[in-house]
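K.L.:
Structure incoming, see below.
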Amino acid sequence: MDKNISTIEEYFKLSDLASSDKDSLNKILKLFSDEATIKSGMDETSSGKKEVSDFFEEFFDKFLQLKHLFRTEIVDDFYQTEWAVIGLKKDNSLFSLHGYDYYKFNESGQITSLVVNVS
């Protein structure tokens, strides 16, 4: 299997755990390069290790539980993942979303760019 696709699979696996498991959150952060950029589905941009860390900590702190289903393909010079997520927020309300992630990687296999588009 393609190394970058394995990284994306690990990202989603850990994302399902990170709301209640700090170790999973730390493992997610290690998947990203120190210079990574994230553009969220809310049109917010986080760049660099500190901002990316803050972004994920704030994101996962909103939820008690998440569950993703996803599929990934290589499109031109990036990886595209279609995903659906259902979650339980801290106020005990449920939500669901569908969207696409677009990834780029460095030579070491770390994520350098993640763009999230919510459908």
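Each reported figure results from applying straightforward, stated rules to the coordinates on display, with no laboratory input. Given the structure is predicted, the values throughout are model-derived calculations rather than measurements. Every residue, glycine among them, receives a Cβ derived from its backbone with ideal geometry; neighbour counts consider all protein chains shown.
K.L.:
Can you find, within the range 68-99, the residue that is nearest to the chain's Cα centre (by Cα) among those that are polar (S, T, N, Q) and assigned to a strand (DSSP E or B)?
P.N.:
Ranking the qualifying residues of the range 68-99, first place goes to 81.
K.L.:
Please give the number of the condition residue 114 fails out of (1) in a strand (DSSP E or B); (2) free of Cβ contacts under 8 Å to residues at least 40 places away in the same chain.
P.N.:
Condition not satisfied by residue 114: (2).
K.L.:
For the range 53-67, give me each residue that is more than 16 Å from residue 111 (Cβ to Cβ) and either assigned to a strand (DSSP E or B) or touching a residue at least 24 places away in the same chain (Cβ under 8 Å) (or both).
P.N.:
Across the range 53-67, the qualifying residues are 57, 60, 61, 62, 63, 64, 65, 66, 67.
K.L.:
May I ask you to list the residues in the range 87-119 that are touching a Leu at 6+ places or on another chain (Cβ under 7 Å) and of a type in the set (Val, Ile, Thr)?
P.N.:
Those that are touching a Leu at 6+ places or on another chain (Cβ under 7 Å) and of a type in the set (Val, Ile, Thr): 111, 118.
K.L.:
Among (1) of a type in the set (A, V, I, L, M); (2) buried (at least 16 other Cβ atoms within 10 Å of the Cβ); (3) in contact (Cβ under 8 Å) with a residue 60 or more places away in the chain; (4) under 18 Å from residue 5 (Cβ atoms), which single condition is residue 38 missing?
P.N.:
If we test residue 38 against (1) of a type in the set (A, V, I, L, M); (2) buried (at least 16 other Cβ atoms within 10 Å of the Cβ); (3) in contact (Cβ under 8 Å) with a residue 60 or more places away in the chain; (4) under 18 Å from residue 5 (Cβ atoms), just (4) comes out false.
K.L.:
Please tell me if residue 49 is in contact with a strand residue (DSSP E or B) (Cβ under 8 Å, 6 or more places away or on another chain), without any contact (Cβ under 8 Å) to a residue 24 or more places away in the chain, surrounded by fewer than 17 Cβ atoms within 10 Å (Cβ to Cβ) and on the phi < 0 side of the Ramachandran plot.
P.N.:
Considered against the rule, which asks whether it is in contact with a strand residue (DSSP E or B) (Cβ under 8 Å, 6 or more places away or on another chain), without any contact (Cβ under 8 Å) to a residue 24 or more places away in the chain, surrounded by fewer than 17 Cβ atoms within 10 Å (Cβ to Cβ) and on the phi < 0 side of the Ramachandran plot, residue 49 comes out as yes.
K.L.:
Across the range 3-28, which residue is nearest to residue 107 (Cα to Cα) among those that are in contact (Cβ under 8 Å) with a residue 12 or more places away in the chain, outside any helix (DSSP H, G or I) and over 11 Å from the mean Cα position of the chain (by Cα)?
P.N.:
Among those that are in contact (Cβ under 8 Å) with a residue 12 or more places away in the chain, outside any helix (DSSP H, G or I) and over 11 Å from the mean Cα position of the chain (by Cα), it is 19.
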